[in-house]
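What follows is one structure encoded as structure tokens, with my remarks underneath.
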Amino acid sequence: MGKLKVIKSGPMSTIQDLGRFGYRRYGIPQSGAMDKELMGFANQLVGNPDHYPVVEFAILGMKLEAVEKTSVSVVGADLKVNGDPIKDAGLVLNQGDVLETSAPAGVYGYLGIGGKIEAQEDFGSVSTYVMAGFGGIDGRQLKAGDFLCSDLDQMEIHTTSFSDREVTHPVKISIMKGPEWHVLRELPDTKIFQIDPSSNRMGIRLTGSQLENDSQEIVSSAVVPGTIQLPPNGQPIVLMNDCQTTGGYPRIGKVVEEDMGKLAQVRPGESIFFSLI
């Protein structure tokens, strides 16, 4: 089996899979990897199915030691082994090797481990939801001293064809109309917004522009990751993977699923605009 020991863990380093589904009626969020495309690449490199759990890390890098021989991959960040830069995204670590990742190129990077990572399963998923203590390791962020174990004995590194997303600035995010689209007095694609530093796995707050609207509170209604809420100040909030299941702000739109990972990777202070499809 593969086994890594966490030496250093940055903020929001958690175990994530594709998320938990079928429980929103009980108020349980979806959670799961913020960038499912990069999660899939990390798994493919170590020969795993795309849905296997990975380690998601944000803002800062991580440092880990191989306790046993372990196949690993790093996507969305650079890596070093025993202090030497490594060009390949996937490799086999020998016992005692130390792996370091850089800060992610965007917001989130992914560490894949050959085999299925052992983690706490709640409601059909091992995705970590810190606010309720679900999934991962005791439902919390990773910390120094934690062990990441997998069930794979045979170590293989695979090749997969992926390239960095072509992103221009401001970043174009495609959206669909929401149930309360009618409260808008102007089209949202006339504005450019910046990502607020307070954004997190629950939601991305947008600043810098305001949308003229006839905003009013609505009866608390269902929301999902990607829902665009519009508070009275006219500055939208895009709900993300750890979002609540209902909300009382008008739902003016929904980010298309294909652009959710791209949106998650836009760094604080960078700009986006909406494009209606």
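Given Cα pairs under 8 Å that are at least 6 residues apart, what percent is the relative contact order of the chain? Across the chain, relative contact order equals 22 percent. Result for the chain in a Gaussian network model with C-alpha springs under 10 Å: among Val92, Val238, Val219, the largest mean-square fluctuation is at Val219.
For the modelled label position 7 Å from the Cα of Leu276 along Cα-to-Cβ, which residues of region 173-203 have backbone nitrogen atoms closer than 13 Å? Those under the cut-off are 175-191.
Compared with the dominant principal axis of the Cα atoms in the chain, helix 36-45 is inclined by about 20°.
Could you tell me the calculated FRET efficiency between Ala144 and Arg24, based on Cβ-Cβ distance and R0 = 30 angstrom, to the nearest 0.05? Walk me through the numbers on the way to the answer.
On the way: r = 34 Å, r/R0 = 1.14.
Working from the Cβ atoms, E equals 0.30.
Taking 0.36 nm per residue of sequence separation and subtracting the Cα-Cα distance, how much length would be gained by fully extending the chain between Lys5 and Glu156, in nm to one decimal?
On the way: separation 151, 0.36 × 151 = 54.36 nm, distance 2.01 nm.
So the chain would gain 52.3 nm between Lys5 and Glu156.
Which value at 222 nm does the chain reach when only helices count, each DSSP H run of 4 or more adding -39,500 (n - 2.57), with the total divided by all residues and rounded to the nearest 500 deg cm²/dmol?
-1500 deg cm²/dmol
When only Cα pairs below 8 angstrom with a gap of at least 6 residues are kept, region 3-149 shows a relative contact order of 33 percent.
Please give the length that would be gained between Phe123 and Val256 if that part of the chain were fully extended, namely 0.36 nm times their separation in residues minus their C-alpha to C-alpha distance (nm, one decimal). Mind showing how you got there, number by number?
Values: separation 133, 0.36 × 133 = 47.88 nm, distance 2.55 nm.
My answer for the length gained is 45.3 nm.
Provide the gained length on full extension for the span His182 to Gln216, in nm with one decimal, where the gain is 0.36 nm per separating residue minus the Cα-Cα distance. Let's see the in-between values first.
Numbers: separation 34, 0.36 × 34 = 12.24 nm, distance 1.13 nm.
Answer, rounded to one decimal: 11.1 nm.
Averaging the sequence gap over all C-alpha pairs within less than 8 Å and six or more residues apart, then dividing by the number of residues, gives region 191-277 a relative contact order of 35 percent. Note on Asp189 and Glu65: the model spin-label points, each 7 Å out from Cα along the C-beta direction, lie 5.4 nm apart.
Throughout, read-outs are computed from the coordinates displayed, never taken from laboratory work. Please read these numbers as outputs of a predicted model, since none were measured by experiment. Neighbour counts run over all protein chains shown; Cβ positions are idealised from the backbone, glycine included.
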